[in-house]
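The values are calculated or read from the model by the stated rules, or taken from the named source; none is laboratory data. Note that the coordinates shown come from a computational prediction; the quantities given were computed from them, not determined experimentally. Because the Cβ atoms are built from the backbone with ideal geometry, glycine has one as well, and the counts that use them run over all protein chains shown.
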Amino acid sequence: MKAGWRWFGPTDPVSLQEIRQAGVTDVVTSLYHRKPGDVWPLREIKACAEKVRKAGMTWSVVESVPVHEDIKKRTGGYLRYIENYKRNLRSLAACGVKVVCYNFMPVHDWARTDLRVVLPDGSITLGYDQYEVCAFEMFVLKRPGLEADYDTATRARAEKVWKRASARDKKRITSALLLGLPGTTEDATPEGLRHELAAYAGLNARRLKQNLYAFLNEITPVLDETGIDMAIHPDDPPFPIFGLPRILSSAKDIRDMVRACPSVHAGVTLCTGSLGADLRNDAVKIFREFHDRIHFCHFRNLLHAEPGVFRESDSHLTGNTDMPALMLELVKEERRRGREIVMRPDHGRMLDIDKGRTCYYGYSYGGRLIGLSELRGLELGIKFGLK
Ligand code: DNO
């Protein structure tokens, strides 16, 4: 695998030099100051690629080129935004960036309910509790129609959770769910979120899937021309929240996409943490089935207390994803292709060595440093075993 690392650009508290010192060859970044739908000036892309090159690495994956909401809904200015997207693909390819990670989650990128789960050793990780999400929807968002998405037992438990929650807990849940995690541009307000959700009323998963496939098939000529691989990021979490449709949460969803979009360039980011949040997903099986469509990997692990309640693991290697089995699949696929795939350690605990830096949630230096080292060691061991 190629050792990748997400870098949030010049404002990232982790420097390119530190990233290189971690053993990274491939930087995963984006023009984070650009809004979804914008045309990216070629000079800005060039300047970013040059900066990474000067630091001794390559910018090979862009995460993300965000898809404008109009494209997801196929309303308003979607035709113009698709043209802009194609233009950005051509510019990225001209600068050597040939893998594009993106998602098709309406309104919200990833979600967590606890951004500061403190472990016994003092390190900090991220957590998710579907009952807290349900409680937030009931008591903060006051979302009409939520009964259709949560059964009576779930709602009853959520109500209990909210009754028992301290003012601090309520604040934690609310701000975690409204916060703009990386991928979202601004923090939302309950009113703002309700408004955005209303724009999706009536758009079900079937339609949203069709809109994704239409988008992919429309950009396919540009993918063929430039050699760009599109790597859709799975829904995180891979089940509906806020009543929004989800379309990339399972092997079936990937299968539907592959059937509807024949180009091998229309692929996926194998994100073990996102898929693994649903215990029915088996990342190893998914890798085997869609091996030729996997263009980028995010490796991390989760620990579940029960279905729908989990936290990110202490180690990238242990949790509900069988990392050694998955790494074996990755190594085999790379041999089949005759080239390596970029993998980035996804998230990591916040350690004491990160004190003093304001890192994006999940994107510490120390936690990812350990994650990458562990994953590289695992890869080496597997390759040795295959000799
Ligand atoms: C979270 C990330 C996501 C991802 C986007 C890709 O840590 O994996 O924000 O970058 O969904 O579009």
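Quick notes on this one:
- Among residues of segment 87-138 being small (Gly, Ala, Ser) and within 16 Å of the ligand (Cβ to nearest atom), the one that is modelled with the lowest pLDDT is 111.
- Screening residue 84 against (1) away from the ligand (no atom under 16 Å from the Cβ); (2) of a type outside the set (Asp, Glu); (3) in contact (Cβ under 8 Å) with a residue 24 or more places away in the chain; (4) more than 21 Å from residue 266 (Cβ to Cβ) leaves a single unmet condition, (4).
- All told, residue 331 falls short of being within 19 Å of the chain's Cα centre (by Cα) and either surrounded by fewer than 22 Cβ atoms within 10 Å (Cβ to Cβ) or without any contact (Cβ under 8 Å) to a residue 60 or more places away in the chain (or both).
- Selection count where residues are surrounded by fewer than 19 Cβ atoms within 10 Å (Cβ to Cβ) and closer than 20 Å to residue 100 by Cα, scope segment 11-31: 2
- Residues that are within 16 Å of the ligand (Cβ to nearest atom), farther than 17 Å from residue 212 by Cβ and either modelled with pLDDT of 95 or more or assigned to a helix (DSSP H, G or I) (or both) within segment 35-77 comprise 38, 40, 59, 60, 61, 62, 63, listed in sequence order.
- Checking each residue in segment 331-387 for being outside any helix (DSSP H, G or I) and among the polar types (S, T, N, Q) picks out 358, 364.
- Residue in segment 114-135 that is more than 27 Å from residue 363 (Cα to Cα) and part of a helix (DSSP H, G or I) present: yes
- Only one of the numbered conditions (1) assigned by TED's automatic domain parsing to the domain that holds residue 130; (2) buried (at least 19 other Cβ atoms within 10 Å of the Cβ) is violated by residue 163, and that is (2).
- Any hit, segment 319-326, residues being away from the ligand (no atom under 15 Å from the Cβ), charged (D, E, K, R) and assigned to a strand (DSSP E or B): no
- Condition met for residue 292 (surrounded by fewer than 22 Cβ atoms within 10 Å (Cβ to Cβ), of a type outside the set (Val, Ile, Thr) and more than 19 Å from residue 63 (Cβ to Cβ)): yes
- Scanning segment 214-241 for residues that are in contact with a Ser or Thr (Cβ under 9 Å, 6 or more places away or on another chain) and assigned to a loop (DSSP other than H, G, I, E, B) yields 233, 234, 235, 236, 237, 238, 239, 240.
- Considering segment 259-303, and only residues there that are outside any strand (DSSP E or B) and among the aromatic types (Phe, Trp, Tyr), the residue that is farthest from residue 237 (Cα to Cα) turns out to be 290.
- Among (1) buried (at least 19 other Cβ atoms within 10 Å of the Cβ); (2) within 16 Å of the ligand (Cβ to nearest atom), the one test that residue 287 misses: (2)
- Positions within segment 334-348 being over 17 Å from the mean Cα position of the chain (by Cα) and either of a type in the set (D, E, K, R) or more than 21 Å from residue 100 (Cα to Cα) (or both), in sequence order: 334, 335, 336, 337, 339, 340
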